[in-house]
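The values are calculated or read from the model by the stated rules, or taken from the named source; none is laboratory data. Treat the numbers as computed from the prediction; the structure is a model and nothing was measured. Ideal geometry is used to build each Cβ from the backbone, glycine not excepted, and the neighbour counts take in all protein chains shown. All accessible areas refer to the heavy atoms of the entire protein, side chains included, with ligands and DNA or RNA removed. Shrake-Rupley method; radii C 1.70, N 1.55, O 1.52, S 1.80 Å.
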Amino acid sequence: PNNALVVLEDPLWEQVKRTAKLEVEQNAEAGPQLYQGIISQPSLLESVVTVISLEIESELIPATQLKNLFLDMLTWEDDVSIHLDSMAACNRSPSIGSALNALLFHKGLHALVCYRVGHRLWEAGRTGLAYYMQSTVSQKYSADIHPACTMGSGVYLNCGGGVVIGETAHVGNDVSILQGVTLGGTGKEAGDRHPKVGNGVILHDGATVLGNIQVGDGAIITAKSIVTKPVPPLARVSGIPAKIQNYRIMTKEALDEADMFERDLGYYYMKQWQNLEPLES
């Protein structure tokens, strides 16, 4: 990709290749898929791009042309983000189990890779192709992500039930977006009109956040909640309209008893988030 750096070792990619070779030894019928998508590829990036290109190819744009487009547009920063997105899919999806399965089968990861290509196309002024990518991802993966929005790395996206992310939305690093989530506008605004989601936020199934509002670092939006007002860091909100129920406690003892999503990044951010002063609801 553009701005690529020479990386002598990639532990995640080495792990994926070893897992794929072991799987072939145990299940010969999986050999053709694993060889084409994993074993014959030189890097994790080219592997996931190959898999996605075969999934979304059409008569208009065949897989080979798509793969070349992806590799031409994705930058070194995108390569790093895709590695972190792959780890997020592996660590935060109870059904995936391995980075190999994430690369081959995780629709949310594939949608994120396509978004990153569409975003680079948008930045380059190739908006028609960016919109085409958005439409393709929406149809194939049930994720409608505007190519102009900005997203960090280490994002976990579960788009099985449909996800919508608007044009001026910003999604920080290490955010978990579960199925049915909407980051949209209120319909009453123009310009910058979509939510700004901080690092490590968890958006549970069916959560809706509307308007140009801030969702603070480490906040949790519970399932089916509708959020129309800013959410402080570490707040847990729920309801229609959403109200603050409590604040996350950033201690090891509290995290040990938390669910998978809260534990996964809670330990990583614990010291940083302990400095956040909870605001009164």
For the stretch 183-194, name all the residues that are open to solvent by less than 40 Å² (accessible area, probe 1.4 Å) and either free of Cβ contacts under 8 Å to residues at least 24 places away in the same chain or under 16 Å from the mean Cα position of the chain (by Cα) (or both). 183
Tally time: how many residues in the stretch 216-265 are in contact with a His (Cβ under 7 Å, 6 or more places away or on another chain) and of a type in the set (A, V, I, L, M)? 2
Quick test of your reading of the structure: residue 171 fulfils all but one of (1) open to solvent by 10 Å² or more (accessible area, probe 1.4 Å); (2) touching a Ser or Thr at 6+ places or on another chain (Cβ under 9 Å). Name the failing condition by number. (1)
Look through the stretch 224-249, keep the residues that are open to solvent by 10 Å² or more (accessible area, probe 1.4 Å) and touching a residue at least 40 places away in the same chain (Cβ under 8 Å), and return whichever of them is nearest to residue 274 (Cα to Cα). 233
Mind checking which residues of the stretch 51-109 are of a type in the set (Lys, Arg) and touching a Phe, Trp or Tyr at 6+ places or on another chain (Cβ under 9 Å)? 92, 107
I'm trying to understand the selection: among the residues of the stretch 136-157, which are open to solvent by 50 Å² or more (accessible area, probe 1.4 Å) and touching an Asp or Glu at 6+ places or on another chain (Cβ under 9 Å)? 140
Whichever residue in the stretch 72-100 is of a type outside the set (A, V, I, L, M), within 18 Å of residue 176 (Cβ to Cβ) and outside any loop (DSSP other than H, G, I, E, B) and, among such residues, is most open to solvent (accessible area, probe 1.4 Å): 91
Whichever residue in the stretch 58-70 is in a helix (DSSP H, G or I) and open to solvent by less than 40 Å² (accessible area, probe 1.4 Å) and, among such residues, is farthest from residue 114 (Cα to Cα): 63
